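J.: Pasting in a structure now, in structure tokens, and then I'll have a few things to ask.
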């Protein structure tokens, strides 16, 4: 597998975790089907890229929240309020769900807004995202197994 394939997966995973629309599951699944022997490396690249994308969201929330009323701010005030309320109610364990579509990205921004400590944030987001890619890998393998 070429370094470009890994770089593409990393960028796809990073972008998918930010507020930008995107999905890394297709890239991850295609590479895994083509190179099943690279499972652990693909898991690592996708998880690290996706976790760093969420860390970018945390930085947005932590340092750019005073721009939340601007049109270009990537999370609507309504979504940010919803995510902040969820985070205040359930705390750090909720970060294990940062991979969930629709709520995950605003949740990671809200964690930054609420000044969640970065290291616990990073660890919990990493665990959740690694689990998601692990489950996806098992589905890909099950679907591609000869019957």
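Where a number appears in this text, it was derived from the coordinates with a stated rule and is not lab data. Keep in mind that this is a model prediction, so the values were computed, not measured. All Cβ positions, even for glycine, are placed from backbone atoms using ideal geometry, and neighbour counts span all protein chains on display.
J.: Label-point separation (nm) for residue 118 and residue 141, each offset 7 Å from Cα along Cα-to-Cβ?
T.: 3.5 nm
J.: Report the far tail of the P(r) of the stretch 7-52, meaning the percent of Cα-Cα pairs longer than 14 Å.
T.: On the way: 408 of 1035 pairs.
In whole percent, the share of Cα-Cα pairs in the stretch 7-52 beyond 14 Å is 39.
J.: Let me ask something additional. Taking Rh as the Kirkwood radius computed over C-alpha pairs, what is the Stokes-Einstein D of the stretch 39-104 at 25 °C in a medium of viscosity 0.890 mPa s, expressed in µm² per second?
T.: Here the translational diffusion coefficient equals 185 µm²/s.
J.: Another question about this same structure. Hey, if you drop one equal point scatterer on each alpha-carbon of the stretch 1-87 and run the Debye formula without solvent, what base-10 log of I(q)/I(0) do you get at q = 0.15, 0.20 Å⁻¹?
T.: -0.62, -0.87
J.: Give me the extension gain from residue 35 to residue 92: residue separation times 0.36 nm, minus the current Cα-Cα distance, reported in nm with one decimal.
T.: Working: separation 57, 0.36 × 57 = 20.52 nm, distance 3.53 nm.
Gain in length upon complete extension: 17.0 nm.
J.: Rounded to whole Å and sorted largest first, list the principal axis extents of the Cα atoms in the stretch 69-125.
T.: Per principal axis, max minus min of the Cα coordinates gives 31, 21, 18 Å.
J.: Now, a different point. Would you mind getting me the FRET efficiency between residue 85 and residue 23? Use the beta-carbon distance for r and R0 = 30 Å, nearest 0.05.
T.: Given R0 = 30 Å and the Cβ-Cβ separation, E is 0.65.
J.: To one decimal place, what Kirkwood hydrodynamic radius in Å is obtained for the chain from all pairs of distinct Cα atoms? Walk me through the intermediate numbers first.
T.: Working: mean 1/r = 0.0640 Å⁻¹.
Mean inverse Cα-Cα distance, inverted, gives 15.6 Å.
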